[in-house]
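Every number in this text was worked out from the coordinates using simple rules, so none of it is lab data. Worth saying up front: this structure is predicted, and the values here are computed from it rather than measured. Please note: Cβ atoms are built from the backbone with ideal geometry, for glycine as well, and neighbour counts cover all protein chains shown.
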Amino acid sequence: MIQISNVVAKYPGGEGLDHVNLTVGPGEFAYLVGPSGAGKSSVLKLIYMDIFPLSGFMKVDNLISLNLKKRQIPYLRRRLGIIFQDFKLLTDRNVFENIAFALHVTNAHRRNIKRKVLRVLADVGLSHKRNKRPNQLSGGEQQRVAIGRALVNEPIILLADEATGNLDPESEEEIIQLLEKINATGTAILMATHDNKLVRGKNRKIIRIKDGRTL
Amino acid sequence: MSRGYLYSIVEGFKGLKRAKFSASVSIFTIFLTLILIAVLLIFIFNVNRVVSQIQSRMELEVFIDNSFTQEQIDSLNQQISRIEGVESAHFVSKEEAAAIIEKQLGQDVFEILDENPLPASFQIKLKSSFHSAQKTQTIFDNLLKLDGIDDILYRHDLLALLEKYIHIFLIIMIIIGTLLAFGSIVLVSNTIKLVIFSRRTIIEIMKLVGATKSFISRPFVVEGIVQGIAGGVLASLFFYCLFKIIKLEIPGLILIDQRIYPILLFLGFLFGFVGSMAAIRKFLKY
């Protein structure tokens, strides 16, 4: 489903990636583990085509970076869910509107938007806080809103970039459990983290990266 | 209207509400640039008006052969009236010419010369579409072909000079106007760019959730257009009030073409549209 093959890439302000290889299959839960600056975020950027390789290629679903047209990128991203350490929520909108935003972008019908957002809110356990603004929520709740937004378009894979990096241990555990639950429904997950403790004892695929190279 | 467009329009208006200060700065910038352009347009309009007035007063004075009988003069009158571009031909008899001289000099011409040497003439007015130097010259040439005409007087040099300078004036005004319009769009674009920069997070999120370029740009273009039209309305109101005051204080000083109001609204719309399109482009790269 996702394949990064022998990719060399450079991007502004970074060291770059050096012959990165990685695969994530349908429904798989994989961890991308490495220290800060190792290139984890860059690997995720490759997947959502924010940076392009100098050599090698990526294959996401059926799209291959070598012959991908720029205008296809938005449609590719609608099949991916992306969450970040800093949540990237719209502070001037409530929880419902933040999640609905991802559907408005796809020109979804109003009735479908309401139905899907309410479904996702129930999945992430925030139905009762749908009218709250992000600044009225805890860090863990904000990340759950971001996960809701990432899920609402029913992605093939959820990309999580240090998704628990800003959270206390309790909230971190809640988010991991939520991601496990999402994965159990068939959505693949690739979670980038610098935290070795997070992956210890878990029977999951672990891809290690250091100095821009996958090990 | 598709859901996407409706959403963009609603988002555009919400954006204005969210960023009241930057929207006000944008509207004020458009308002100021439109005032400069309007001053230029009013100046051009009024210079043209004065020139047209001078041109419309331009007459050809056709002097008739002294030996011509009244019958021949009537025939000549008909021939002159048939020439293309002639609006009217007013006959001035020898006696009327003498009376005019007497009025001008204060002395009867018979007292000085014992006879009236002044020829009868036609004072010819031209149609407004024949006021140019070239067309007046053609009428002049056609008049010369007629029998019984001794001489024709008209201020060809003044007409040619006026046309030459109005031509240069218009070229200069077009250059200034173009520079002003270009500068306005750059200014408006930069102001809108600041507005967009302050909301780059929402653009980043839009990109991440798969928004197309047109979806991202539409709310900002709607905002730009609304700001542009608002600037146009303000500029129109400003000039409307200003002209009311001028009209009351100094009647007849400046005439205002009423088309200035729709022109200002259209220019406001155009600046807002082009300015926002130019501003958002930079933020749309995937």
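Among the residues making up the stretch A:127-166, those that are in contact (Cβ under 8 Å) with a residue 24 or more places away in the chain, of a type in the set (S, T, N, Q) and surrounded by fewer than 18 Cβ atoms within 10 Å (Cβ to Cβ) are A:ASN131, A:ASN135, A:SER138, A:ASN166. Of the residues making up the stretch A:102-119, just one is in a helix (DSSP H, G or I), facing chain B (nearest Cβ under 7 Å) and of a type in the set (A, V, I, L, M, F, W, C), namely A:ALA102. On the basis of being of a type outside the set (Phe, Trp, Tyr) and farther than 30 Å from B:SER22 by Cβ, does B:ILE202 make the cut? In short, no.
Does at least one position in the stretch A:4-26 carry a residue that is surrounded by 19 or more Cβ atoms within 10 Å (Cβ to Cβ), basic (Lys, Arg) and touching a residue at least 24 places away in the same chain (Cβ under 8 Å)? Within the stretch A:4-26, none of the residues are surrounded by 19 or more Cβ atoms within 10 Å (Cβ to Cβ), basic (Lys, Arg) and touching a residue at least 24 places away in the same chain (Cβ under 8 Å). Considering (1) within 14 Å of chain B (Cβ to nearest Cβ); (2) outside any helix (DSSP H, G or I), the lone condition that A:ASN98 does not fulfil carries the number (2). Residue under question is B:THR191, and the condition is that it be touching a Ser or Thr at 6+ places or on another chain (Cβ under 8 Å) and away from chain A (no Cβ under 11 Å); does it hold? Yes; evaluated as a whole, the condition is true for this residue.
Can you find a residue in the stretch B:217-230 that is within 11 Å of chain A (Cβ to nearest Cβ) and either buried (at least 20 other Cβ atoms within 10 Å of the Cβ) or basic (Lys, Arg) (or both)? Please lay out each step first, then the result.
The initial filter retains those residues of the stretch B:217-230 that are within 11 Å of chain A (Cβ to nearest Cβ), namely B:219.
Those left that are additionally either buried (at least 20 other Cβ atoms within 10 Å of the Cβ) or basic (Lys, Arg) (or both): B:219.
The answer is yes; a qualifying residue exists.
Looking only at helices (runs of 4 or more DSSP H) that fall completely inside the stretch B:1-120, which ones have 2 or more residues that are in contact (Cβ under 8 Å) with a residue 40 or more places away in the chain and in contact with a Leu (Cβ under 8 Å, 6 or more places away or on another chain)?
Details: elements: B:3-18, B:20-57, B:70-82, B:94-105, B:109-113.
The helices (runs of 4 or more DSSP H) meeting that bar are B:20-57, B:70-82.
Please enumerate the residues belonging to the stretch B:198-213 that are more than 10 Å from every other protein chain (Cβ to nearest Cβ) and assigned to a helix (DSSP H, G or I). Within the stretch B:198-213, B:ARG200, B:ILE203 qualify. Pairs linking a residue in the stretch B:258-286 that is more than 14 Å from B:VAL188 (Cβ to Cβ) to a residue that is charged (D, E, K, R) and outside any loop (DSSP other than H, G, I, E, B), with Cβ atoms under 8 Å and 6 or more positions apart or on different chains, are B:LYS282/B:LYS193; B:PHE283/B:ARG200; B:LEU284/B:LYS213; B:TYR286/A:LYS70; B:TYR286/B:LYS207; B:TYR286/B:LYS213.
Apart from one condition, A:LEU76 fits all of (1) within 30 Å of A:ALA9 (Cβ to Cβ); (2) more than 13 Å from chain B (Cβ to nearest Cβ); the exception is (2). Of all residues in the stretch A:161-198, those satisfying the criterion of being polar (S, T, N, Q) and in a loop (DSSP other than H, G, I, E, B) are A:THR164, A:ASN166, A:THR185, A:THR187.
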